[in-house]
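What follows draws every value from the coordinates through simple rules; no lab data is involved. Remember, it's a predicted structure, so these values are computed and weren't measured experimentally. Ideal geometry is used to build each Cβ from the backbone, glycine not excepted, and the neighbour counts take in all protein chains shown.
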Amino acid sequence: MSDTQIDIALTVNGEPVSERVDARKTLVDFLRDDLGLTGSHIGCEQGFCGACTVRVDGEIVRGCLMLAAQCDGATVETIEGLSDSGEIADLQKAFAERNALQCGYCTPGMITAAQDLLQRGGVPSRDEIREHLSGNYCRCTGYHAIVDAVEAVAEARAGGRK
């Protein structure tokens, strides 16, 4: 790590956080190492796999491609925060019921990305679901069960309408 330290203040999962961080520390490393929020995983460290997906100011981002210092003044939501708020309870249940998780490594990023799509409202087509989740790599499931789970939640949230 570098010798350059930066003071940052942000909100993480609804809680104010003030820390001194290395200027080159990634957001996902900050969340995991400094805050103990290990739900966001580190996979490729190049933005390809999506395992580190989090929300920053309402937008999903790759935590490995963003520096913690860039989040000064921002609101960050991790899978832990989304889960604790109940926002993704139906997605979590659908993933479990449809075996849309196997090893579970991609699941936090996949659910965060799925929630981003679903919070827009309506019922996306299976192709739209696949497209939206295309930045999240899963080695185990073949995606069919994941798309099934997201589609089921979208339909349920829309009151059963397609």
Query raised in the report: Here are some conditions: (1) surrounded by fewer than 21 Cβ atoms within 10 Å (Cβ to Cβ); (2) part of a helix (DSSP H, G or I); (3) out of contact with any Ser or Thr (no Cβ under 8 Å at 6 or more places or on another chain). Arg32 meets all but one. Which one does it not meet?
Result: (3)
Query raised in the report: When you scan segment 37-61, how many residues do you find that are acidic (Asp, Glu) and either buried (at least 17 other Cβ atoms within 10 Å of the Cβ) or under 21 Å from Glu15 (Cβ atoms) (or both)?
Result: 2
Query raised in the report: Which members of segment 64-83 meet the condition of being under 9 Å from the mean Cα position of the chain (by Cα) and under 19 Å from Glu19 (Cβ atoms)?
Result: Glu77, Thr78
Report summary line: Ser134: passes all of (1) exposed (fewer than 13 other Cβ atoms within 10 Å of the Cβ); (2) more than 23 Å from Tyr105 (Cβ to Cβ) but (2)
Query raised in the report: Would a scan of segment 38-49 turn up a residue that is within 21 Å of Gln119 (Cβ to Cβ) and hydrophobic (A, V, I, L, M, F, W, C)?
Result: no
Requested in this report: Return the pairs, sorted by first residue and then second, in which the second residue is of a type in the set (S, T, N, Q) and in a strand (DSSP E or B), the first residue lies in segment 3-24 and is more than 17 Å from Val54 (Cβ to Cβ), the beta carbons are less than 6 Å apart, and the residues are 6+ apart or on different chains.
Outcome: Ala9/Ser18; Arg20/Gln5
Query - Single residue of segment 2-14 satisfying the filter (surrounded by 10 or more Cβ atoms within 10 Å (Cβ to Cβ) and of a type outside the set (A, V, I, L, M)) that is farthest from Thr75 (Cα to Cα) - result: Thr4
Requested in this report: For segment 39-60, indicate whether the set of residues that are touching a residue at least 60 places away in the same chain (Cβ under 8 Å), part of a strand (DSSP E or B), touching a Gly at 6+ places or on another chain (Cβ under 8 Å) and more than 25 Å from Cys138 (Cβ to Cβ) is non-empty.
Outcome: no
